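Single-structure report; data block below.
Just so it is clear, none of the values below were taken in a lab; they were calculated from the coordinates. Here the structure is a predicted model, which is why all the values come from computation and not from measurement. For neighbour counting, all protein chains shown are included, and Cβ atoms are generated from backbone atoms with ideal geometry for every residue, glycine included.
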């Protein structure tokens, strides 16, 4: 095959697009991971309270978002929800809400799972020396549980980062959608999409390696 | 015998009246009464599943009894009356009047030996780090483990872990010590070092309730022995009576089985 690779052609003149696309992707990844983490800590804590009027709706939320594709969720928030609530959500918000709720349901499970994985003996020993629930959580349970939560949380964040490419379907100008725009302008999909793939790889490879290291450390 | 002189004359420190605990249809403790005097060592023996551990966990309300009465010092709790049962921070404060040692040691896995002993003092009693460290160090010395102060539980032998756990239980100067089969999970050669520490505590006048399978320990150290079966006290009395010359047939057959092993 005699293809004339020309990366210069798809970069020159589009620098600002690419930089903006990269920043949008990173901002969504970081923002929805943090948002999902906060949501997960809140929902996970409420699940531990073991009140049925709290646990049932939270379990419903978790299962609903875990068992539907995030692509469907983003599309639903952008195209379907506005008909229900009679308000058109801007694309950036619909996509952000979808991605955050998706991350949040996994973070909930990671948080709850980390806490309940702590041996019963640790809880009873903390109670026996007269710690209140808050003291026990802060000094005994969370320090041990957080160590166990970090590896699965980093792995889920890597998946979340990749899922931001789905912003493309509602025309949020992330890395992927920028690629689509540049292709439309240059008719050079090979260079553009190869470059986009390389960019994701360069961002995510260190993160996955870090996740692996944390997992190995957790096994000790 | 190492019984202290005030064991029989002392004030009543803890009293249980008709204590019951059930889980759904299963009655684990069916009406247990007991009084423990200051400085007294009470041993509780009986077959596994007889409710002796549940009874112990009811004493510091790790398990909330279903009914009955508990009195410690001047405070009385009637478990049939909700409002007299402490909860939240009052319950936490109530529990800190007891020191408890568990079968599986249950040292805080992320803390070193000395931090395990300190944490109750710094978190529950809000003492300063320096003060807590000094006292923790003297407690570790008392159980013969000063040199292991900076090791994590997983770096200690079972016997060492259990001795650190005893130091942790002593840290808050509890009024009563509760021992829940503390040597059952230990290799036989490590049992002695833990019993030695408990023996020393008893002779120093600590008030103790000891759930145990160590008959020799019960015979030598206890002032009073309860034999439990199916959630009830079948026989009780001084060790010389219950362990050496039991009257009840069930006690006899339990002890006979025990001596054969």
What full-extension length gain, to one decimal in nm, is calculated for residue B:252 and residue B:141 as 0.36 nm per residue of separation minus the Cα-Cα distance?
-> 35.9 nm
In whole percent, the Cα-Cα distances of the protein assembly as shown spread across 20 Å bins from 0 upward as 20, 39, 23, 14, 4, 0
Folded to 0 to 90 degrees: helix A:52-66 orientation relative to chain A principal axis, Cα | 30 degrees
Mind giving me the FRET efficiency for residue A:215 and residue A:11? R0 is 25 Å, r the Cβ-Cβ distance, nearest 0.05 is fine.
-> 0.10
Peptide A:130-140: average number of partner chain Cβ atoms within 10 Å per residue?
-> 6
Counting only DSSP beta bridges with both partners in chain B, the antiparallel fraction in percent, to the nearest 5, comes to 60 percent
Which residue fluctuates the most in chain B, going by a Gaussian network model with Cα springs under 10 Å, if the choices are B:37, B:154, B:21?
-> B:154
Using 7 Å Cα-to-Cβ label points, what is the residue B:17/residue A:71 separation (nm, one decimal)?
-> 7.2 nm
Just counting partner chain Cβ atoms within 10 Å, what average do the residues of peptide B:112-121 show around their Cβ?
-> 2
Three-way shape label, chain B, alpha-carbon gyration tensor, a/c 1.5 = oblate
Highest-fluctuation residue, B:18, B:60, B:116 considered, GNM on chain B with Cα pairs under 10 Å | B:18
With r defined as the distance between the Cβ atoms of residue A:53 and residue B:130 and R0 fixed at 60 Å, what FRET efficiency is calculated, to the nearest 0.05?
-> 0.80
Expressed as an acute angle from 0 to 90° and rounded to the nearest 10, what is the orientation of the C-alpha long axis of helix A:189-219 relative to the principal long axis of chain A?
-> 20 degrees
Here P(r) for the stretch A:44-124, Cα-Cα distances in 5 Å bins, as whole percents, is 3, 14, 19, 19, 16, 13, 8, 4, 3, 2, 0
Identify the residues of the stretch A:83-113 with backbone N under 19 Å of a label point that sits 7 angstrom from the Cα of residue A:46 along the Cα-to-Cβ direction, or state none.
-> A:97-113
Projected area, mean over directions - the stretch B:98-174, Cα convex hull, nm² = 4.4 nm²
Rg/Rh ratio calculated on Cα atoms of the stretch A:1-84 (Kirkwood radius) = 1.22
Exercise: per-residue mean of other protein chain Cβ atoms within 10 Å, A:116-128 | 6
Two pseudo-spin positions, 7 Å from Cα along C-beta at residue A:119 and at residue B:245, lie apart in nanometres by 4.5 nm
Could you tell me how many degrees, from 0 to 90 and to the nearest 10, lie between the Cα long axis of helix A:91-116 and the main elongation axis, the longest principal axis, of the Cα atoms of chain A?
-> 30 degrees
Using 7 Å Cα-to-Cβ label points, what is the residue B:204/residue A:190 separation (nm, one decimal)?
-> 8.3 nm
Take the alpha carbon gyration tensor of chain A, find the square roots of its eigenvalues, order them as a ≥ b ≥ c, and report rounded if a/c is under 1.5; if not, report prolate when a/b exceeds b/c, else oblate.
-> oblate
Full extension between residue B:151 and residue B:82 adds, at 0.36 nm per residue less the Cα distance, a length in nm of 20.5 nm
